[in-house]
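The values are calculated or read from the model by the stated rules, or taken from the named source; none is laboratory data. A quick note: this is a predicted structure, and the numbers were derived from the prediction, not measured. Here the Cβ positions follow ideal geometry from the backbone for every residue, glycine too, while neighbour counts run over all protein chains shown.
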Amino acid sequence: MKLTDGSKLLFNNARLLVIILATIVVIILSLAGIGVAMNKYQSYSLPKEVTEITVSYGDTLWTIAQKIAPGIDPRRVVWEIQELNQIKSSQIFPGQTLQVPVYETSS
């Protein structure tokens with residue numbers, strides 16, 4: 001069976017429509033995933049209770065976060081330390097005093 005010009009045009013248009021719809025679905029799902037990921041961090045609020053620590057040689061924000069909140073995602077704790085101390089980078093120095101969140105420990 002030979003396709004006529006009209007049939008070819010209809011087939012090509014249908015194929016193009018499927019490709020466009022699939023692309024739109026992929027874009028929407030990608031944007032939804034990005035929105036969920038961004039909202040995860042934006043919903044954090046600073047802790048109500050803080051204490052001060054002095055940075056020791058070899059400390060990083062990550063290791064401090066793991067020490068003070070072993071059961072909590074260190075990324076969240078690092079963000080909280082940065083916000084509490086109004087620091088933009090992860091660079092800290094021995095002897096530096098930092099405010100850090102206090103977390104309840106389950107005993």
Worksheet item: Tell me, which residue of the range 97-107 that is surrounded by fewer than 10 Cβ atoms within 10 Å (Cβ to Cβ) and closer than 12 Å to Ile68 by Cα is modelled with the highest pLDDT?
Response: Glu104
Item to complete: Grab the helices (runs of 4 or more DSSP H) fully contained in the range 1-96, keeping just those with 1 or more residues being of a type in the set (S, T, N, Q), modelled with pLDDT of 75 or more and in contact with a strand residue (DSSP E or B) (Cβ under 9 Å, 6 or more places away or on another chain).
Response: 74-85
Worksheet item: Restricting the first residue to the range 59-76 and requiring it to be closer than 20 Å to Thr97 by Cα, which pairs with a second residue that is in a loop (DSSP other than H, G, I, E, B) and among the polar types (S, T, N, Q) meet a Cβ separation below 8 Å and a spacing of at least six or different chains?
Response: Thr60/Ser90; Leu61/Ser90; Trp62/Ser90
